[in-house]
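To start, the structure under review is shown below, and the notes come after it.
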Amino acid sequence: MIDKKTIEHIAKLARLHVSDQEAEEYSTQLAKALGHFEQISKINTAGLEPLITPTEIEAYWREDEVKQSFTAEDMTANAPSRAGNLFKVPPVV
Amino acid sequence: MDLTFASISEIADAVKNKSVSAKEVAQHFQTRIETLDRKLNSFTSINPNSLSDAAEIDARIAKGEDVGPMAGVPFGIKEMLCTKGIRTTAGSKILENFIPPYDATVVARLKKAGVVVLGKLNQDEFAMGSSNETSFHGSVKNPWNLECVPGGSSGGSAAAQAARLVAGTIGTDTGGSIRQPASFCGIVGVKPTYGRVSRYGIIAYASSLDQAGPMVSSVKDAALTLEVISGFDENDSTTTQKQVPAWSKSLKSDIKGLKIGIKKENMAGSLHPDVQKTVEKSIETLKQMGAEIVEVSVPLTEMAVPVYYLVAASEASSNLARYDGVKYGYRADFKNLSAIELDEFYGKTRGEGFGAEVKRRIMLGTYCLSSGYYDAYYNKAGQVRRLITNQYLEAFKKCDVILSPVTTAPAFKLGERIDDPLEMYLNDIFTTSTNLAGLPGMSVPFGLSQDGLPIGIQLTACHFEEQKMLDVAFALESASSVKGKHPHVV
């Protein structure tokens, strides 16, 4: 079991509201999954660099030039709320 | 020509020599979607401009322009890929009304090759699922048996292709999401080497694992589509600058002397007898064709599921932080509040916008990355990931292509596994290690279960060795029991 306090802490870090019922479900489900996943702790990985990107990234140079980009209208078109070309949000202070 | 079952190059040739117009082709498949997709639920949005897009191809051909190798070929695109002007939701309420202002590189390249996009294809929410049951748009049905799942996460792509609602589809594969539904629906699905195909404009799930690839009806169509979408993209720094081989032209079924590796670990699990038989038959077939069968070992395969879920959930928790209700996507209703806490704004929006499986993985990933757990989970998983990759590289010193099952069993029933997340995760035992190591992998249909469900064979090659894998698939395809058979929905 991962206790309710931990679930609440994680949900807060993730900026994610979870209902009481969800919190209860997650505490058993996550504990079960992590319990299974913990078997990797037995593997000896001393001194190994973690693998992040599986194929080699080839660095390259490019010209630093201005290119056609999106318009402000394009970028704000999907906003849930907007004022002209500005994103509108509820007052937070 | 029967358009429904024509290959990609047959359609393109016919359009180019004007024996059929691109518009007629688009119309033909649009009618199929309208009549058949009510049973399948594979499409989530239809491109309202597909007929005029097709007419434009016809006009260019009339003017004598070279419109590309896929002239007038109708495609469906998974909801993970941005399509300019066509709603793209990633199967999630949080992107319910999102209309991208640009095309993903994959889509742009398909269009440049002459493809006409007919619409967007259903999937598990944010590609998190193996059954297409986590989609905000509802489950997709398997065209071979409407009571079964099509697999996931690219379940809409697999179902639409199997029912021939389009001539080709694109899926994405983070832990098996192209190969598993391809196997369940009897089509060919290819996950390219990590870095072969640009991720620009593909909604991010786990960036170090995600790759897009073709989900089509034949190995030849797969090779051609892969050729069109592959290659360096300055908008994705992880794409390789290696040249894209002419896979479709080099395709050959002569596999004499090729070494096929069989993992010792494959048979250790409890395979469904029909899957077991199909795998054995595929090995026997390749042997008769002159391939050499060698035993290889990737012992840490059994750790692939834990490592995959730790890495993928961690990356997802970070990638999905962008859905904050400000710039695009769903926002919770705050009309009645004059001043609110910012965290309240984010938390409520995200809590209402994401579905259960996505929230579960965000929680899992956040936990793994949080102070005190990072070393034991995320970092440790990265280290084991290196070991798994090293074991694969050793195995590929002894063989050209590794053959394995795609899944332990054929397509399962809708609702059968959705209540137990861990059981659902364990479905991915044969597919996830390929993504962890960044290798190319594919599923080619080869057998049918006693219940008449397709069973695919998984082929995996070393980094950037797609040709060898496609050749073996081409050979297997010629002896496949699924060849020429179609689901009853068609």
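Some values worked out for this structure:
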read-out: Farthest toward positive dipole pole in segment B:57-151 [+1 Lys/Arg, -1 Asp/Glu at C-beta], among B:Leu118, B:Ala108, B:Gly64; value: B:Gly64
read-out: Cα-based shape type of the protein assembly as shown, given that a ≥ b ≥ c are square roots of the gyration tensor eigenvalues and the cut on a/c is 1.5; value: oblate
read-out: Longest DSSP-loop-exposure-free segment, trypsin sites (Lys or Arg not before Pro), chain A, at most 10 other Cβ within 10 Å; value: A:1-61
read-out: Pair B:Lys327, B:Lys264: separation of 7 Å Cα→Cβ label points (nm); value: 5.0 nm
read-out: Cα-based shape type of segment A:16-93, given that a ≥ b ≥ c are square roots of the gyration tensor eigenvalues and the cut on a/c is 1.5; value: oblate
read-out: Inter-probe distance in nm under a simple model that places probes 7 Å from Cα toward Cβ, at A:Glu49 and B:His488; value: 5.6 nm
read-out: B:Asp420-B:Ser481 pseudo-label distance in nm [points 7 Å out on the Cα-to-Cβ vector]; value: 2.8 nm
read-out: Helix A:20-37 axis, angle to chain A major axis (alpha carbon atoms, nearest 10°); value: 70 degrees
read-out: Per-residue mean of C-beta atoms belonging to partner chains within 10 Å, peptide B:101-109; value: 1
read-out: Of A:Thr76, A:Pro90, A:Thr45, farthest towards positive along the dipole that unit charges on Lys, Arg, Asp, Glu beta carbons give chain A; value: A:Pro90
read-out: The protein assembly as shown, dipole about Cα centre (Lys/Arg Cβ +1, Asp/Glu Cβ -1), debye to the nearest 20; value: 560 debye
read-out: Accessible-area composition of segment B:180-276, carbon plus sulfur, in percent [1.4 Å probe]; value: 49 percent
read-out: Beta bridges by DSSP in the protein assembly as shown, antiparallel share as percent, to the nearest 5; value: 65 percent
read-out: 10 Å Cβ shell holding at most 12 others, DSSP loop, GluC sites (Glu not before Pro): longest site-free stretch of chain A; value: A:1-55
read-out: Rounded if a/c under 1.5, otherwise prolate or oblate - segment B:401-451, Cα gyration tensor axes; value: oblate
read-out: Cβ-placed point charges (K, R +1; D, E -1), dipole of segment A:5-63 about Cα centre in debye, nearest 20; value: 180 debye
read-out: Antiparallel bridges, percent of DSSP beta bridges restricted to chain B (to nearest 5); value: 65 percent
read-out: Total accessible surface hidden between B and A, rounded to 100 Å², 1.4 Å probe; value: 5700 Å²
read-out: Reach of A:Lys42 by Cα under 16 Å, taken over lysines that are not fewer than 8 positions away in the same chain; value: B:Lys380
read-out: Charged-residue dipole, Cβ positions (Lys, Arg, Asp, Glu), chain B about Cα centre, Debye nearest 20; value: 560 debye
read-out: Distance-filtered residues of segment B:93-127 - backbone nitrogen under 19 Å, label point 7 angstrom along B:Lys335 Cα→Cβ; value: B:97
read-out: Segment B:113-219 - accessible surface per residue (Å², probe 1.4 Å); value: 10 Å²
read-out: Local net charge near B:Asn379, Cβ-Cβ under 13 Å (Lys/Arg +1, Asp/Glu -1); value: +1
read-out: Entries in B:Lys16/B:Lys78; B:Lys93/B:Lys468; B:Lys23/B:Lys252 that, when Cα-Cα distance is taken, lie over 31 Å; value: B:Lys93/B:Lys468; B:Lys23/B:Lys252
read-out: Protection proxy ranking, peptides B:126-132, B:407-413, B:214-220, average beta carbon neighbours within 10 Å, highest first; value: B:126-132, B:214-220, B:407-413
read-out: Reachable aspartates and glutamates from A:Lys12, criterion Cα separation under 19 angstrom, eight or more residues apart if same chain; value: A:Asp3, A:Asp20, A:Glu22, A:Glu24, A:Glu25, B:Glu315, B:Asp324, B:Glu341, B:Asp343, B:Glu344, B:Glu352, B:Glu357
read-out: Angle in degrees between helix A:4-13 and the longest Cα principal axis of chain A, rounded to the nearest 10; value: 20 degrees
read-out: Within segment B:210-254: backbone nitrogen closer than 20 Å to the A:Asp64 label point (7 Å, Cα to C-beta); value: B:234-237
read-out: Estimated translational D of segment B:335-490 in µm²/s (Stokes, Kirkwood radius over Cα pairs; 10 °C; 1.306 mPa s); value: 82 µm²/s
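The values are calculated or read from the model by the stated rules, or taken from the named source; none is laboratory data. None of the values given here were measured: they were computed from a predicted structure. Ideal geometry is used to build each Cβ from the backbone, glycine not excepted, and the neighbour counts take in all protein chains shown. We work out accessible area using only protein heavy atoms, side chains counted, and drop any ligands, DNA or RNA first. Shrake-Rupley method; radii C 1.70, N 1.55, O 1.52, S 1.80 Å.
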